[in-house]
Structure formats: structure tokens, C-alpha cells
């Protein structure tokens, strides 16, 4: 099976929910080889078929300094007040938000923001600290209904340094949440994200 044992020790990027802990084991172990990734990308990894393992088809480089790898079928949609919006297949969405004045406690920050959450049939699943690439991070996971469809979102807030805080809010149809493709997509997005320096 997948080395779920190794995921436990590192919090396995805390699984994109309690649903995919084992699927995230590769995420945790791959982070140990970060220097390999950096050297591979310098040698044209974009055109190298072996680069397909990470699920990245194109890399979006933001004028705000961050970059993120997008899986097949994903594209940058538009910039909004809340951040940059991306769309993927079958109703999947990603919002990348950032701040230059991050709060020191992402869990407390999410709990504070949750008080003003207004979405139809909003239901919180969890707000908890997660292990994510050595950054101070927390996941806020919830469901809501839009146009008769129930969606599930995980919003990962994390602080990369004193002047850079980010949130990756990934949304998919709740019915698709257990799919391998959904888990792989979240893993690709979280693994490929690079903050502004």
C-alpha cells in the first residue's frame, strides 16, 4: 500500500482533509527531496516526460511573486478583490489569496474569519493546525451549497515569513471529494506552490 506510516510522522501535509492522509504520504516524503526538485526544474523539467509524476502541466507565475503548478484542464481565470481565481475540470476552483501582514496563528485567524462566513448551507468540517512544508499552517474545511450542488472546500492558510501569508482555497463537488483525481489535484497544487521571496 501507500506508506501511510510515513505520513503519520510528518502529519502528511495533514491530508487534504481527513480523507486523503495516505494519498499525501508522497507529498511529505517528496518535500525531503526539495533540492532535487530545484535542480530538475533548471534542466527543462517542463518538457521532460518524467516531470509528469508531479501532475503539473503549466506553471502560473503571478505578478505578485508567487507561482503555482496547474494540473491538466486548469487555467488562471481572473484576479478578484479576494485574490487570484483559477478554474479546473468539473466545477473545481482554486483561490490564491495573500497578505503582507500575516497573523501569527492561522488557526485563530480562521476561527475568527469563520464567524462572518455567509454561504448557503455552510457547515464546518474542521479548523486545525496542519504540517505543511515547515510553514505555520492551518486548514479550514467546510461544505456549502450553490445552485443545488453541494461543494466542499479546504482553505489552507500559511505564513512563509513575516511579510508573506497565503491561503489556497480549493473547492470541488462534495460527491467527488473521495476521488483519486481530486486528491491528486490538491496534492499537485499544494506541492507546487512557491511563495514570493
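No lab work stands behind these numbers, since they all come straight from the coordinates. Every value quoted in this text rests on a predicted model; they were computed, and no experiment measured them. Counting neighbours? That spans all protein chains shown, and the Cβs are built from the backbone with ideal geometry, glycine included.
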With the label point 7 Å along the Cα-to-beta-carbon line of residue 174 and a cut-off under 11 Å to each amide N, the hits in segment 97-127 are 121-125
Per residue, the convex hull enclosing the alpha carbons of segment 58-192 has a volume in Å³ of 114 Å³
So, with points 7 Å from each Cα along the Cβ direction, the residue 58-residue 146 label distance in nm works out to 2.1 nm
